[in-house]
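Everything on this sheet refers to the single structure shown next.
The values are calculated or read from the model by the stated rules, or taken from the named source; none is laboratory data. Nothing here was measured: the structure is a model prediction, and the numbers come from that model. So basically every Cβ, Gly included, is an ideal-geometry build from the backbone, and we count neighbours across all protein chains shown. What goes into the accessible areas is simple: the full protein's heavy atoms, side chains included, and nothing from ligands, DNA or RNA. Shrake-Rupley method; radii C 1.70, N 1.55, O 1.52, S 1.80 Å.
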Amino acid sequence: MTEPVLIWGAGAIGGILGAYWARAGVPVLMVDIVPDHVAACATQGLSIEGPVEEFTQAVPCLTPEQVTGTYRRIVLAVKAQATEGALAALAQHLAEDGFVLSAQNGLNERVIAQHVGADRTMGAFVNYGADWIGPGRILFGNRGAVVVGEIDGSLRDRTRDMHDLLQIFEPNAVLTQDIWAYLW
């Protein structure tokens, strides 16, 4: 079995990625600070609602204090102002050969790199419309650009792997050697 992708933040961005990946059979573990949302995602399922697509998918989900083990692929999908706190909590779960992909709004890659190292930081530009409605419910309002790349401009196997995963959600996802051009 393939190791799971740890998604830290199960709201609008992380929740949609987690639901799509889980539906496609990708092992996923989401983490969120809202206990009612965590319980709903893991039991009744996470409902993706709106004009793009509607479905409900059970996705394993825990609160930060329930997480154990280490993960090679961590997708950070919290609001920008929660980045430092999330990094403090997730750092112990980042495998030695792991990386953190920022799937956030804003320029958080430099903050992530300060905490885990630039060589362990990957960026993504996510521009689709989504909103957390309540426990177990996310509005998927519209499709938009999804771009992934290394912050040093390199192309690595892990970058291609994340691009492949993002294409499950957005078939037109772009793999770039200049993620900063999209983030700025």
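Tabulated values for the structure
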| quantity | calculated |
| --- | --- |
| Every residue from the range 99-119 that is under 15 Å from the mean Cα position of the chain (by Cα) and at pLDDT 95 or above | PHE99, VAL100, LEU101, SER102, ALA103, GLN104, ASN108, GLU109, ILE112 |
| Subset of the range 125-154 [open to solvent by 40 Å² or more (accessible area, probe 1.4 Å), within 14 Å of the chain's Cα centre (by Cα) and without any contact (Cβ under 8 Å) to a residue 40 or more places away in the chain] | ASN127 |
| Inter-residue pairs, beta-carbon under 6 Å, first within 15 Å of GLY149 (Cα to Cα) and in the range 97-118, second at pLDDT 95 or above and among the hydroxyl-bearing types (Ser, Thr, Tyr), 6+ apart | VAL100/THR121; ASN108/THR83; ASN108/SER102; GLU109/SER102; GLU109/THR121; ILE112/SER102; ILE112/THR121; ALA113/THR121 |
| Some residue of the range 67-81 being out of contact with any strand residue (DSSP E or B) (no Cβ under 6 Å at 6 or more places or on another chain), open to solvent by 10 Å² or more (accessible area, probe 1.4 Å), of a type in the set (Lys, Arg) and outside any helix (DSSP H, G or I) | yes |
| Filter result (part of a loop (DSSP other than H, G, I, E, B), open to solvent by 30 Å² or more (accessible area, probe 1.4 Å), within 24 Å of VAL111 (Cβ to Cβ) and not acidic (Asp, Glu)) within the range 155-184 | LEU155, ARG156, GLN177, TRP184 |
